[in-house]
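Below: one structure, written as structure tokens.
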Amino acid sequence: MQKTRAKISVILMIITVIAACVLHFFQLYYPIDTAISSPEKIIFSPYSVYLLMLLGFTFSAAYSFSEELDAVTFDFSQHKSSIYLSSIALAFAFFYDFIHQAYNCYSYASKVAFIEYAYIIPLGASSAFALLSSFYYFAFATTAKNVNDDFRNFTLLHFAPVVWAFSKLCTIMSRIVDVKLNVEICCEFVLLCVILAFIFSMISAVDRKNQPVTRLFVFSSASLGFLSCVVGIPRLILNIIQFGDGSAQSDFSPITYIIMGAFSVTLLADIKKRSKIQQRDI
């Protein structure tokens, strides 16, 4: 019965992700004046995406409580190709994010007469810690490749992605945001909160060592997987369609979010696979 509920939760989550991605893309591509009353306004209302996000969180919670996962969070006794590839891709994505945010700092400082430090300091910090996060996930990749290095020994580097995400949150909070007009920023804010929960659950798993995976890790991994698609994929497609157009530019790198979501789902899939093997051997 629990396995059936878990499968249904996954199917409903996939449907919700597809619907939210399509809806959010059209919200970005066809912005509707909130002062105009029309059927399109109701369909493409920002609250529609927020509702789908809430449904996604609900299905993630249902999955975390219905799926029987008793394996440890990290097991690098064997070479894990999928985890290695996803983590090395995430390392490169963070390096790209470092370049992207550094360019944003330079662009902002060169265009304004008065620099707002409440904005540029978190922006610069997110760039610096994106570089450190790149080193961190590269260490994770080498661990997954079953070499002598172990990312769990780099104690301080565990917090590099935390500071990166928190800096990006501070950058958003330095602005005046309207939940009706700035849908993308609001969705990114929620995504960053989920990223923080995921990273903290990873740090907790390192401290817990050989203890089984927690429901918080499962919930945050699943939530990060679906929310990274909702935020990243529409923006990435829009950037491709409007390449060279200044209106397609964004303050964040959608590729980083998408690959981070793929990384979390890959970890979750590996845990599920090992849990099935353990349950079969009992």
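Kindly provide the set of residues from region 193-216 that are small (Gly, Ala, Ser) and surrounded by fewer than 15 Cβ atoms within 10 Å (Cβ to Cβ), ordered by number.
Ser204
When you look at Thr171, is it open to solvent by less than 80 Å² (accessible area, probe 1.4 Å), in a helix (DSSP H, G or I) and touching a residue at least 60 places away in the same chain (Cβ under 8 Å), yes or no? Spelling it out, Thr171 is indeed open to solvent by less than 80 Å² (accessible area, probe 1.4 Å), in a helix (DSSP H, G or I) and touching a residue at least 60 places away in the same chain (Cβ under 8 Å). Can you confirm whether region 123-135 contains a residue that is at pLDDT below 90, surrounded by 13 or more Cβ atoms within 10 Å (Cβ to Cβ) and within 30 Å of Tyr47 (Cα to Cα)? The answer is yes; a qualifying residue exists. Considering region 75-122, the residues that are touching a Leu at 6+ places or on another chain (Cβ under 9 Å), of a type outside the set (A, V, I, L, M, F, W, C) and farther than 30 Å from Ala269 by Cα include one that is most open to solvent (accessible area, probe 1.4 Å), namely Tyr108. Within region 127-156, residues that are in contact (Cβ under 8 Å) with a residue 40 or more places away in the chain have Cβ atoms under 6 Å from residues that are open to solvent by 10 Å² or more (accessible area, probe 1.4 Å) and among the β-branched types (Val, Ile, Thr) in these pairs: Ala141/Ile88; Arg152/Val206, counting only partners at least 6 apart in sequence or on another chain. Count of region 136-159 residues, restricted to those that are acidic (Asp, Glu) and at pLDDT 90 or above, is 0. The number of residues in region 76-91 being under 11 Å from Phe140 (Cα atoms) and part of a loop (DSSP other than H, G, I, E, B) comes to 1. Applying the criterion of being in contact (Cβ under 8 Å) with a residue 12 or more places away in the chain and open to solvent by 30 Å² or more (accessible area, probe 1.4 Å) to the residues of region 51-60, the residue that is nearest to Ile11 (Cα to Cα) is Phe59. Have a look at Val190, Val162 and point out the one that is open to solvent by 40 Å² or more (accessible area, probe 1.4 Å), closer than 25 Å to Ser220 by Cβ and modelled with pLDDT of 85 or more. Among Val190, Val162, only Val190 is open to solvent by 40 Å² or more (accessible area, probe 1.4 Å), closer than 25 Å to Ser220 by Cβ and modelled with pLDDT of 85 or more. In region 21-50, which residue that is at pLDDT below 65, open to solvent by less than 70 Å² (accessible area, probe 1.4 Å) and polar (S, T, N, Q) is nearest to Ile185 (Cα to Cα)? Among them, the one singled out is Thr34. The residue that is nearest to Ser9 (Cα to Cα), counting only those in region 227-238 that are open to solvent by 10 Å² or more (accessible area, probe 1.4 Å) and of a type in the set (A, V, I, L, M, F, W, C), is Cys229. Would you mind stating whether Arg274 is of a type outside the set (Phe, Trp, Tyr), part of a helix (DSSP H, G or I) and at pLDDT below 80? Taking the combined requirement at face value, the residue does not satisfy it. Number of residues in region 64-100 that are modelled with pLDDT of 90 or more and of a type in the set (Ser, Thr, Tyr) equals 3.
The values are calculated or read from the model by the stated rules, or taken from the named source; none is laboratory data. These figures come from a predicted structure and were not determined experimentally. Backbone-built Cβ (ideal geometry, glycine too); neighbour counts: all protein chains shown. Ligands, DNA and RNA are excluded from the accessible area calculation, which covers all protein heavy atoms including side chains. Shrake-Rupley method; radii C 1.70, N 1.55, O 1.52, S 1.80 Å.
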